[in-house]
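A short write-up of the structure that comes next.
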Amino acid sequence: MTLLVVAEHDNHSLKASVRHVLTAAQAIGGEIHVLIAGSGCEAAAEAARTLPGVACVRWAEDPSLADGGAENLALLVTRIARDYSHVLAAASAFGKNWAPRAAAQLDVAQVSDIVRVDAPDTFTRPIYAGSVWATYRSTDPVKVVTVRPTAFDAAAGEGAPAPLERLGAEPGSGLSSRKALSLSQSERPELESARVVVSGGRGLGSGERFKALLEPLADKLNAALGASRAAVDSGYVPNDYQVGQTGKVVAPDLYIAVGISGAIQHLAGMKSSRVIVAINKDPDAPIFSVADYGLVGDLNEIVPQLTAAL
Amino acid sequence: MKILVPVKRVLDYNIKARPKADGTGVELAGLKMSMNPFDEIAMEAALRLKEAGQATEIVAVSCGPAASQETLRTALALGADRAVLVQCEGELEPLAVAKLLRAVTLREQPGLVLCGKQAIDDDANQTGQMLSALMGWAQATFASRIELQGASEALVTREIDGGLETLSIRLPAVITTDLRLNEPRYATLPNIMKAKKKPLDTLTPAELEVDTTPHLNLVQVFEPPQRQGGIRVSDVAELVGKLKNEAKVI
């Protein structure tokens, strides 16, 4: 059994999610190959060679693969997928984009966003925003699987450099091209890989207070900043802050929820965090039902006190 | 330009899903069903394109049981011109839905397919991408802004990890909608009445010559491990003490 992990990268370095997907691949078992597809991505391919437990890095280099566009990447994956029992990727905006395309071209089902490997052909995934889990057994010859990164630990350490195999270029489909990319600039850790996340909800009352109260706390803890959908919809922060079913799923060591009531769709995005702290003035807020430590009170007083005490 | 909008009938988003006692599925009997919220956003996007004079006809399509007619009537009440039901019993996997939609797309020849990025029941996030692949078309997923540039190109801004990406895609194409694209309208009573008279055709997988046999076997549906609520602390000093000495996370 040989598995292909399709790595997310920016042509220079690998995304943190790759090591989480590797752990899922190791749980399935078998020889692991990594695909690096991009343009000017030799540095990413080199970095992949020393990932732990990787037997081969397949490297595809072409201008048509530069921006990770779904159409061209899916054609490439489809071309080589018959060599593999499994094709794995992170269930990120990247993996969600191209993986179903490759699965359809292979005429196989995709198992999305798995949180558990039950057997090499059997996987568990959350449905209904995580209210329910479902276990599926795949009957397909190639299993296309996307992995929820936070459900698997990052594979640690380095391995002996794996051989690098260059793949032939794929003619670009010309169906789509990137016109603009605007990434939020931030000195903070990325939300999905941060060890500590400070998240704010509508209880903050305004974008100004969100910033004034939560940024100093996040600075003290070297934390990423997150938000509930209610805070995003109220315009306090941009959408890429959103934690929840329709935003990002996080599982840091410490999650501090400030002024967040705890709607089901928010809980779906953070309840796998190791330690949860909730600060809310409403003692009956549902967030307290998942919090390890709850503090009832006025966040305008509590948050500055907490920042000062750290 | 004709726009095809696939819509799915799902358990209403206000209702908490629970597994059936025997673990063979999710309990749906007697519960309120609604149009998938992401599909409402797709329908709204189609309606706005039509209102802007950039689309001529909106066709809603649903693959599912006979009761999906209700969802299609909702789409018609919102402003779709016609509806197509591909009537199927039993579980349909995203790949099967994509194959059915491909057959409908070949019949209807739309210039654009607009669908929700995922359904809130199975959360698969696959069908739009699969349909696009089966058609050999371009795709733009997770759209937060759509601008048609005539009949052969669209500019689509997508919500990706850490920011936004704008793609130029060749039409026809499949675009899947994210939350921030728009706020869907409600159907008005006069439009609900009018919708009852709009055409709704019914097809079957056999007529479309599509095999919908599942590729996955459902082993079990169950409640996930529950997180236990913890304790209340009385002040910041106690909280910091617990985080340092008990949880050891700071």
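Quick note: the coordinates plus some simple rules give every number you see, no bench work behind them. Every value quoted in this text rests on a predicted model; they were computed, and no experiment measured them. Note that each Cβ is placed from the backbone with ideal geometry, even for glycine, and that neighbours are counted across all protein chains shown.
Once the C-beta distance of residue B:244 and residue B:66 is scaled by a Förster radius of 45 Å, the resulting FRET efficiency is 0.15 to the nearest 0.05.
Once the piece of chain linking residue A:1 and residue A:153 is laid out straight, how much longer is it, given 0.36 nm per residue of separation minus the C-alpha distance between them? Could you put the intermediate results ahead of the total?
Values: separation 152, 0.36 × 152 = 54.72 nm, distance 2.25 nm.
Fully extending the segment from residue A:1 to residue A:153 adds 52.5 nm.
What is the list of residues in the stretch A:270-288 whose amide nitrogen lies under 20 Å from a point 7 angstrom out from the Cα of residue A:220, following Cα to Cβ? Those under the cut-off are A:275-281. Projecting the Cα atoms of B:125, B:69, A:212 onto the dipole axis of the protein assembly as shown, where Lys and Arg carry +1 and Asp and Glu carry -1 at the beta carbon, places B:69 farthest toward the positive end. Report the calculated FRET efficiency for residue B:20 and residue A:119 (r = Cβ-Cβ distance, R0 = 22 Å), to the nearest 0.05. It comes out at approximately 0.45. Sequence-ordered 3J(HN,Hα) estimates for the stretch A:283-299 from the Karplus curve with 6.51, -1.76 and 1.60 and θ = phi - 60° stand at x, 9, 4, x, 4, 5, 6, 10, 7, 6, 10, x, 10, 8, x, 7, 4 Hz, glycine and proline given as x.
Taking the DSSP beta bridges in the protein assembly as shown as the whole, what percent of them are antiparallel, to the nearest 5? Don't skip to the end; give the middle numbers.
Numbers: 40 of 114 bridges.
If we restrict to bridges inside the protein assembly as shown, about 35 percent are antiparallel.
For the stretch B:129-212, DSSP calls about 75 percent of its internal beta bridges antiparallel. Rounded is the label for the stretch A:116-196, because a/c, from the alpha-carbon gyration tensor with a ≥ b ≥ c as root eigenvalues, stays below 1.5.
Mean per-residue shielding of peptide B:152-162 is 5, counting Cβ atoms of other chains within 10 Å of each Cβ. Remark: for residue pairs A:15/A:96; A:211/A:271; B:117/B:194; B:2/B:196, the C-alpha separation exceeds 18 Å in A:211/A:271; B:117/B:194; B:2/B:196.
On average, how much area does the Cα convex hull of the stretch A:90-236 cover when viewed from any direction, in nm²? Let's see the in-between values first.
Values: hull surface 55.1 nm².
The directionally averaged projection comes out at 13.8 nm².
Give the relative contact order (percent, whole number) for chain B; include only Cα pairs under 8 Å separated by 6+ residues.
Across chain B, relative contact order equals 23 percent.
Here the gap between residue B:223 and residue B:56, fully extended at 0.36 nm per residue and compared with their Cα-Cα distance, gives a gain of 55.5 nm. With N as its number of residues, the protein assembly as shown has a Cα radius of gyration that, divided by 2.2 N^0.38 Å, comes to 0.96. In this label model, residue B:197 and residue A:211 are separated by 5.5 nm, measuring between points 7 Å along each Cα→Cβ vector. For chain B, the longest principal axis of the Cα atoms and the long axis of helix B:68-78 meet at an angle of about 80 degrees. With the largest listed first and rounded to whole Å, the semi-axes of the equivalent ellipsoid of the stretch A:164-293 from the Cα gyration tensor are 32, 17, 15.
Shape analysis of chain B yields a ratio of the Cα radius of gyration to the Kirkwood radius, Rg/Rh, of 1.07.
For the stretch B:1-82, applying the loop criterion from DSSP together with a ceiling of 14 other beta carbons within 10 Å to the trypsin sites (Lys or Arg not before Pro) yields B:16, B:20, B:32. Nearest-5 percent of antiparallel DSSP beta bridges in chain B? Here the antiparallel bridges make up roughly 40 percent for chain B. Put a dot 7 Å past the Cα of residue A:137, heading toward its Cβ, do the same for residue A:233, and the two dots end up 4.2 nm apart. Taking chain B as a Gaussian network of alpha-carbon nodes connected by springs under 10 Å, the highest mean-square fluctuation of the residues B:34, B:152, B:62 belongs to B:152. Can you list the HN-Hα couplings for the stretch A:263-274, worked out from phi with the Karplus curve (6.51, -1.76, 1.60; θ = phi - 60°), rounded to whole Hz and with x for Gly and Pro? Coupling constants for the stretch A:263-274: 4, 3, 5, 6, 4, 4, x, 9, 6, 8, 4, 5 Hz.
For chain A, averaging the sequence separation of C-alpha pairs within contact (under 8 Å, six or more residues apart) and dividing by the residue count gives a relative contact order of 14 percent.
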